[in-house]
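Before any comments, here is the structure.
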Amino acid sequence: MAKSMKLAGLKSVENAHDESVWAATWVPATDTRPALLLTGSLDETVKLWRPDELELVRTNTGHCLGVVSVAAHPSGVIAASASLDSLVRVFDVDTNATIATLEAPPSEVWQMQFDPKGTTLAVAGGGSASIKLWDTATWRLISTLSIPRPEGPKPSDKSSSKKFVLSVAWSPDGRRLACGSMDGTISVFDVARAKFLHHLEGHYMPVRSLVFSPEPDSRKLYSASDDGHVHIYDAEGKALIGAMSGHASWVLSVDVSPDGEAIATGSSDKTVRLWDFKMRAAIQTMSNHTDQVWAVAFRPGGGRLASVSDDKSISLYHCS
């Protein structure tokens, strides 16, 4: 039997931000520098950190409210940050020059992710009950993928608030987008045809994080929900393949290792857990944080996992 992955704490930075750290992602390495960790905080700043010492490279300002999401382009050259002011700032990672500022109505910008080829930025559209797609060459809005309204005599405003879109994930081939909503539904879209395909059922509370497994398992979608469960779906076949539980509270974030063998989660129970998909079980629990863990992120290329928390700290782990 193959050995399961193990985590070992490498470095933690207390007070990495002045307030809760809400978002984290890795900026891929370029020819001139290693991969960097990008974090966003309620303190309205975005910070770049160099592993393994988590040495601060730069602090970006420019948002008027807390930063809810950060995303990195697959080239590693540009990245984006989004805040509660519904403003997306696209910037050059190495110079911090602003490349574009994307504006949206209030509460219509949540999680975002660049597609694998880097041509499109997908933004979870919050109260618009849609995913917005921005062209990364022109920075124009090119498409709005809307979740179909429930059939019925008169859909109330209440039903649309339940479709509030929190999370978004691209499939590895860029052909599918999934989004997670406040009511627990996950919607899957055919990107090329800008067409809604189907819902994935099973969660009944907000789905705050989604991630597709890498090739060759790329139909597999992992979801994290406030109901305390992690679900594994066949995103094409609409099937719930498995469910894993173990966190004592909301699961706020999920990420999959680059080899697809393990997944990590962060929870409001203050822990980071490592799971083995084949065993459908948590194989390790890390308790570095003293408050809820908003984001976990594996480094592209493997070897590292990062977590960020309401306790204002960042933790970096070695994965072996």
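The values are calculated or read from the model by the stated rules, or taken from the named source; none is laboratory data. Model, not experiment: these values are computed from the prediction. Glycine gets a Cβ as well: all are built from the backbone with ideal geometry, and neighbour counts include every protein chain shown. Please note that ligands, DNA and RNA were not included when accessible areas were found on the heavy atoms of the full protein model with its side chains. Shrake-Rupley method; radii C 1.70, N 1.55, O 1.52, S 1.80 Å.
Within the stretch 229-257, residues that are over 19 Å from M286 (Cβ atoms) and without any contact (Cβ under 8 Å) to a residue 60 or more places away in the chain reach partners that are of a type in the set (S, T, N, Q) and surrounded by fewer than 18 Cβ atoms within 10 Å (Cβ to Cβ) with beta carbons closer than 8 Å, at six or more positions or on different chains, in the pairs H229/S245. Among the numbered conditions (1) modelled with pLDDT of 95 or more; (2) farther than 27 Å from H198 by Cα; (3) crowded, with 19+ Cβ neighbours inside 10 Å, the only one that V251 does not meet is (2). Would you check which residues across the stretch 195-224 are in a strand (DSSP E or B) and buried (at least 18 other Cβ atoms within 10 Å of the Cβ) and list them? Selection gives L200, V207, R208, S209, L210, V211, F212, K220, L221, Y222, S223, A224.
Only one residue in S81, S41, S75, S69 is modelled with pLDDT of 95 or more, in contact with a Gly (Cβ under 8 Å, 6 or more places away or on another chain) and under 21 Å from G303 (Cβ atoms). Which one? Criteria check complete, one pass: S75. Taken together, S257, S268, S309 contain a single residue that is open to solvent by less than 10 Å² (accessible area, probe 1.4 Å) and over 27 Å from D217 (Cα atoms), which is S309.
Regarding the stretch 228-238, can at least one residue be identified that is closer than 22 Å to L121 by Cα and open to solvent by less than 10 Å² (accessible area, probe 1.4 Å)? Checked against the condition, which is being closer than 22 Å to L121 by Cα and open to solvent by less than 10 Å² (accessible area, probe 1.4 Å), the stretch 228-238 yields at least one hit.
Could you grab me the full set of residues in the stretch 293-306 that are small (G, A, S) and either open to solvent by less than 60 Å² (accessible area, probe 1.4 Å) or more than 19 Å from the chain's Cα centre (by Cα) (or both)? Hits for the stretch 293-306 are A295, A297, G302, G303, A306. Condition check: within 23 Å of V67 (Cα to Cα), at pLDDT below 95 and out of contact with any Cys (no Cβ under 7 Å at 6 or more places or on another chain). Does S130 satisfy that? Criteria not met by S130. Considering the stretch 271-292, the residues that are over 18 Å from the mean Cα position of the chain (by Cα) and without any contact (Cβ under 8 Å) to a residue 40 or more places away in the chain include one that is surrounded by the most Cβ atoms within 10 Å (Cβ to Cβ), namely H289.
Looking only at the stretch 295-320, which residues are among the hydrophobic types (A, V, I, L, M, F, W, C) and within 15 Å of L37 (Cα to Cα)? Scanning the stretch 295-320 gives A295, V296, A297, F298, L305, A306, V308, I314, L316. Restricting the stretch 1-49 to residues that are hydrophobic (A, V, I, L, M, F, W, C) and in a loop (DSSP other than H, G, I, E, B), the residue that is most open to solvent (accessible area, probe 1.4 Å) is M1. Exactly one residue out of S83, S4 is touching a residue at least 12 places away in the same chain (Cβ under 8 Å) and within 20 Å of the chain's Cα centre (by Cα), and it is S83. Inclusion of G184 among residues that are in contact with a strand residue (DSSP E or B) (Cβ under 8 Å, 6 or more places away or on another chain), of a type outside the set (S, T, Y) and assigned to a loop (DSSP other than H, G, I, E, B) is warranted.
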